[in-house]
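The values are calculated or read from the model by the stated rules, or taken from the named source; none is laboratory data. Just so it is clear, the structure is predicted and the values come from calculations on it, not from any experiment. Glycine gets a Cβ as well: all are built from the backbone with ideal geometry, and neighbour counts include every protein chain shown.
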Amino acid sequence: MDVPAACFSTASSGYFLPIFPLSQRIRLRHHAAMARIVFTPQLRRFVETPELETDAVTVREALEAAFAVNPRLRGYVLDDQGHLRANVVIFIDGRRMRELKALSDALLPGSVVHVLQALSGG
């Protein structure tokens with residue numbers, strides 16, 4: 001997607017930062033590495049799960065970017081209070097997420113977030 005240069009501001013770090021709302025930023029790619037959110041096949045059996053790149057700095061922001069693409073996904077990942085469902089586990093760069101209610105664990109540029117639905121039965 002070609003985006004006019006006027007749509008970006010330059011941060012002191014030298015990265016180009018988009019000045020679009022989060023729902024539009026998930027589709028833009030720029031020179032800075034972006035976090036990637038991936039949903040495992042277990043969730044894909046029930047609802048379409050986008051794999052996307054986002055400039056989110058927390059897990060909640062990354063999830064909100066995915067929910068903007070498919071709002072039905074929210075009910076499979078979060079409960080009515082907006083907390084992570086008991087049967088869902090999130091890993092950030094291979095480590096299990098610590099903050100399960102606020103979902104405020106930090107993401108770095110290039111982080112990979114895996115969202116898994118726990119399996120049960122035998």
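With respect to the numbered conditions (1) modelled with pLDDT of 85 or more; (2) more than 15 Å from the chain's Cα centre (by Cα), which one is the sole condition not fulfilled by ILE37?
ILE37 satisfies every listed condition except (2).
What single numbered condition from (1) more than 16 Å from ARG36 (Cα to Cα); (2) part of a loop (DSSP other than H, G, I, E, B) fails to hold for GLY75?
(2) is the only condition that GLY75 fails.
Matching residues to (1) modelled with pLDDT of 90 or more; (2) crowded, with 16+ Cβ neighbours inside 10 Å; (3) out of contact with any strand residue (DSSP E or B) (no Cβ under 6 Å at 6 or more places or on another chain):
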site: PHE8; (1), (2), (3): no, yes, no
site: TYR15; (1), (2), (3): no, no, yes
site: ARG25; (1), (2), (3): no, yes, no
site: LEU28; (1), (2), (3): no, yes, no
site: PHE91; (1), (2), (3): yes, no, no
site: MET97; (1), (2), (3): yes, yes, no
site: LEU103; (1), (2), (3): yes, yes, yes
site: LEU108; (1), (2), (3): yes, no, yes
site: LEU116; (1), (2), (3): yes, yes, no
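Consider only pairs whose beta carbons are under 7 Å apart and that are at least six residues apart or on different chains; among these, list those whose first residue lies in region 56-73 and is within 11 Å of VAL113 (Cβ to Cβ) and whose second residue is assigned to a helix (DSSP H, G or I).
ALA56/ALA62; ALA56/ALA65; GLU61/LEU22; LEU63/VAL77; ALA65/LEU22; ALA66/LEU73
Let me spell it out: the conditions are (1) small (Gly, Ala, Ser); (2) more than 12 Å from ILE37 (Cβ to Cβ); (3) touching a residue at least 60 places away in the same chain (Cβ under 8 Å), and ALA118 meets all of them except one. Which number is the exception?
Exception for ALA118: condition (3).
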